[in-house]
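What follows is a single structure, written as structure tokens, with notes after it.
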Amino acid sequence: MLCQQVWILSCSANWEFSESYTVFYKGSHFVTHAGVQWHVIIAQPPRLKSSSPPPSSWDHSRDVGLFIELLEARVMVDVGKWPIFTLLSPQEIASIRKACVFGTSANEALYVTDDDEVFVFGLNYSNCLGTGDNQSTLVPKKLEGLCGKKIKSLSYGSGPHVLLSTEDGVVYAWGHNGYSQLGNGTTNQGVAPIQVCTNLLIKKVVEVACGSHHSMALAADGEVFAWGYNNCGQVGSGSTANQPTPRKVTNCLHFKRVVGIACGQTSSMAVLDNGEVYGWGYNGNGQLGLGNNGNQLTPVRVAALHSVCVNQIVCGYAHTLALTDEGLLYAWGANTYGQLGTGNKNNLLNPAHIMVEKERVVEIAACHSAHTSAAKTQGGHVYMWGQCRGQSVILPHLTHLSCTDDVFACFATPAVSWRLLSVEHEDFLTVAESLKKEFDSPENADLKFRIDGKYIHVHKAVLKIRCEHFRSMFQSYWNEDMKEVIEIDQFSYSVYRAFLQYLYTDTVDLPPEDAIGLLDLATSYCENRLKKLCQHIIKRGITVENAFSLFSAAVRYDAEDLEEFCFKFCINHLTEVTQTAAFWQMDGPLLKEFIAKASKCGAFKN
């Protein structure tokens with residue numbers, strides 16, 4: 001089978017492609033995705049037993065479309081954008097495959113590792129970590145009872161209480177239970193995950209949702225069950241009595257197949273397989289979209305959406321968003337913070353079409369604990385509006401973020417997850433990770449440096465892009481005269497290796513003593529950022545014994561900030577510094593300059 005090759009060239013550099021065989025050029029396209037422009041060059045490998053090029057009239061849209069799908073699939077959620085995850089080590093972060101940040105102040109988190117182990121950490125308010133006690137923890141604790149269960153859906157309330165379903169359709173709950181939102185028939189706190197059994201044992205639950213203090217579960221057969229707090233009818237039972245165990249939501253949903261559920265603080269929404277939308281519970285802000293603000297004790301169809309087919313629905317604190325199969329976005333309900341995106345702060349009792357002039361919307365996001373809204377378009381652009389870091393954004397604002405999850409990590413109050421985060425991807429390295437891996441790898445390298453008899457393998461293209469020194473060097477050679485091995489004798493192996501590795505990783509890993517040599521190189525090659533990194537490393541490693549040597553190096557390499565730092569250190573430890581060998585071995589002019597400067601500072605006064 002013949003496969004098409006897609007070459008991706010960065011917009012900041014021209015990469016040259018050369019192979020011993022011939023490929024037929026098909027077309028060149030610029031694709032913008034998630035705020036990044038890609039130059040896609042499409043080529044057709046030579047056909048067996050044929051040497052004629054393909055027709056110039058080929059349609060390349062499918063090629064570009066497939067490429068966009070590839071980009072879409074490789075957008076990765078970065079859990080590190082949630083402040084609470086900064087408590088974890090890089091190794092722990094790397095092991096995460098699913099995660100959720102929750103709690104009144106986003107102070108609790110749960111994550112699942114690639115080994116399907118489940119960990120929690122944080123404040124543990126109302127026993128919401130499920131660890132069996134009420135102790136907070138900065139160190140992740142394993143929830144043995146959930147390990148290996150393969151969590152599929154997870155939601156949380158304001159208590160908070162936590163509700164999840166597994167791939168086997170089993171439901172577990174724990175945490176706050178003052179209104180029986182755990183579904184176990186009591187109001188006792190749930191200190192550890194316990195299976196929700198009543199009416200659900202014979203059901204395979206595929207999705208769960210939580211309001212402030214009520215819970216919902218969607219079964220694979222399209223039936224919906226609800227329980228917990230019911231002061232506004234959010235359980236859909238026809239009364240306002242709290243529901244202690246899961247109860248099937250019937251009335252208008254009887255014999256209908258629900259495919260999606262969502263909860264506001266005290267309201268509930270459902271989407272049917274035919275695209276109809278139903279709502280029930282609190283409606284004081286019009287969040288049910290019924291054209292009035294009266295509460296509903298049983299499900300009522302959102303009639304204003306009769307002409308469209310909805311396939312996704314999400315709820316904020318008191319507003320609702322719906323996305324149709326044509327990529328149209330509708331909003332209604334509370335609008336105090338501009339969360340409807342209509343350009344004003346007026347509540348809406350009926351759905352209103354928003355983002356009319358924007359491209360097709362493919363995903364919407366909201367969370368019952370926040371007044372923030374977000375959407376992602378077909379081109380990968382992410383918009384946000386509503387309460388964003390304390391500001392009221394009344395129209396969808398184009399961000400530079402790559403996914404709607406990032407909106408809630410960076411701008412929502414509190415910074416909670418609007419869904420169970422998934423970072424499950426096939427083995428895939430980012431550009432930065434790929435470059436790091438390729439450093440000093442002989443397999444793909446096209447250039448070697450020899451220092452002190454040792455080799456370092458690199459790539460000319462990377463060096464040209466990253467360093468002006470190499471850009472000038474390589475341009476001075478004709479391609480046929482370009483050496484495969486370059487000898488370096490003015491710097492040590494450890495220093496030059498650290499420099500080349502910096503070009504691949506943006507980091508420096510050297511002891512302070514060797515960083516002096518790297519500072520010399522950075523000065524010679526006019527690498528100002530590297531120069532600052534070296535100075536930072538040297539500052540962290542300054543001691544009485546090496547302070548004057550470092551001061552001398554700073555003067556020699558014109559590192560003014562480092563020079564001042566070392567000078568002050570020497571003054572603060574003057575007696576000890578003047579007794580070191582480095583002080584007395586210093587050349588006369590520099591020593592005289594140091595003494596004169598120290599004298600002006602009053603260092604020699606009694």
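Points to keep in mind about this one:
- Residue that is nearest to C410 (Cα to Cα), among those in the range 348-371 that are of a type outside the set (A, V, I, L, M) and in a strand (DSSP E or B): E363
- Test: D558 is at positive phi and surrounded by fewer than 14 Cβ atoms within 10 Å (Cβ to Cβ): yes
- Among (1) over 22 Å from I451 (Cβ atoms); (2) assigned to a helix (DSSP H, G or I); (3) open to solvent by 40 Å² or more (accessible area, probe 1.4 Å); (4) out of contact with any Pro (no Cβ under 9 Å at 6 or more places or on another chain) - the single one K539 does not satisfy: (4)
- Single residue of V314, V362, V300, V310 found to be closer than 28 Å to G157 by Cα and open to solvent by 50 Å² or more (accessible area, probe 1.4 Å): V362
- Residue within the range 385-398 that is assigned to a strand (DSSP E or B), open to solvent by less than 20 Å² (accessible area, probe 1.4 Å) and either closer than 11 Å to V77 by Cβ or free of Cβ contacts under 8 Å to residues at least 12 places away in the same chain (or both) present: no
- In a residue-by-residue description of the range 124-134, the property of being open to solvent by 30 Å² or more (accessible area, probe 1.4 Å) and either among the hydrophobic types (A, V, I, L, M, F, W, C) or in a strand (DSSP E or B) (or both) applies to no position.
- Condition broken by G379, with the remaining ones in (1) in contact with an Asp or Glu (Cβ under 8 Å, 6 or more places away or on another chain); (2) buried (at least 21 other Cβ atoms within 10 Å of the Cβ) satisfied: (2)
- Of all residues in the range 579-606 being within 14 Å of N546 (Cβ to Cβ) and surrounded by fewer than 15 Cβ atoms within 10 Å (Cβ to Cβ), the one that is modelled with the lowest pLDDT: Q585
- Some residue of the range 340-347 being part of a strand (DSSP E or B), touching a residue at least 40 places away in the same chain (Cβ under 8 Å) and open to solvent by 10 Å² or more (accessible area, probe 1.4 Å): no
- Index of the failed condition, V170 passing every other in (1) in contact with a strand residue (DSSP E or B) (Cβ under 9 Å, 6 or more places away or on another chain); (2) more than 24 Å from F225 (Cα to Cα): (2)
- Residue, nearest to V416 (Cα to Cα), within the range 141-187, restricted to residues that are assigned to a strand (DSSP E or B) and open to solvent by 50 Å² or more (accessible area, probe 1.4 Å): K152
- Selection count, the range 393-410, where residues are under 16 Å from G379 (Cβ atoms) and in contact with a Leu (Cβ under 8 Å, 6 or more places away or on another chain): 0
- Positions within the range 218-229 being within 21 Å of H368 (Cβ to Cβ) and in contact (Cβ under 8 Å) with a residue 40 or more places away in the chain, in sequence order: L218, V224, A226, W227, G228, Y229
- Just so you know, in the range 524-536 the residues that are modelled with pLDDT of 90 or more and in a helix (DSSP H, G or I) include one that is most open to solvent (accessible area, probe 1.4 Å), and it is K532.
- Against the list (1) outside any loop (DSSP other than H, G, I, E, B); (2) open to solvent by 10 Å² or more (accessible area, probe 1.4 Å), the condition T198 fails is (1).
- Restricting the range 317-339 to residues that are open to solvent by 10 Å² or more (accessible area, probe 1.4 Å) and aromatic (F, W, Y), the residue that is farthest from P396 (Cα to Cα): Y317
- Qualifying residue in the range 552-572 (condition: over 17 Å from S599 (Cβ atoms), over 37 Å from the mean Cα position of the chain (by Cα), basic (K, R) and part of a helix (DSSP H, G or I)): yes
- Within the range 218-258, tally of residues that are part of a strand (DSSP E or B) and on the phi < 0 side of the Ramachandran plot: 13
- Residue match in the range 415-428 (condition: among the charged types (D, E, K, R), out of contact with any Phe, Trp or Tyr (no Cβ under 6 Å at 6 or more places or on another chain) and in contact (Cβ under 8 Å) with a residue 40 or more places away in the chain): yes
- Residue pairs meeting the criteria (Cβ under 8 Å; at least 6 apart or on separate chains; first within 13 Å of N124 (Cα to Cα), in the range 137-156; second assigned to a loop (DSSP other than H, G, I, E, B) and of a type in the set (S, T, N, Q)): T137/N124; T137/T131; K141/T131
- Taking the criterion of being surrounded by 19 or more Cβ atoms within 10 Å (Cβ to Cβ) and assigned to a loop (DSSP other than H, G, I, E, B), the only residue of the range 499-516 that qualifies is L510.
- Of all the listed residues (V235, V249, V259), the sole one being touching a residue at least 12 places away in the same chain (Cβ under 8 Å), aliphatic (A, V, I, L, M) and open to solvent by 40 Å² or more (accessible area, probe 1.4 Å) is V259.
The values are calculated or read from the model by the stated rules, or taken from the named source; none is laboratory data. The model shown is predicted, which means the values in this text are computed figures rather than measured ones. Don't worry about glycine lacking a Cβ; one is built from the backbone with ideal geometry, like all the others, and counts go over all protein chains shown. Quick note on the areas: whole protein, heavy atoms, side chains included, nothing else; ligands and nucleic acids left out. Shrake-Rupley method; radii C 1.70, N 1.55, O 1.52, S 1.80 Å.
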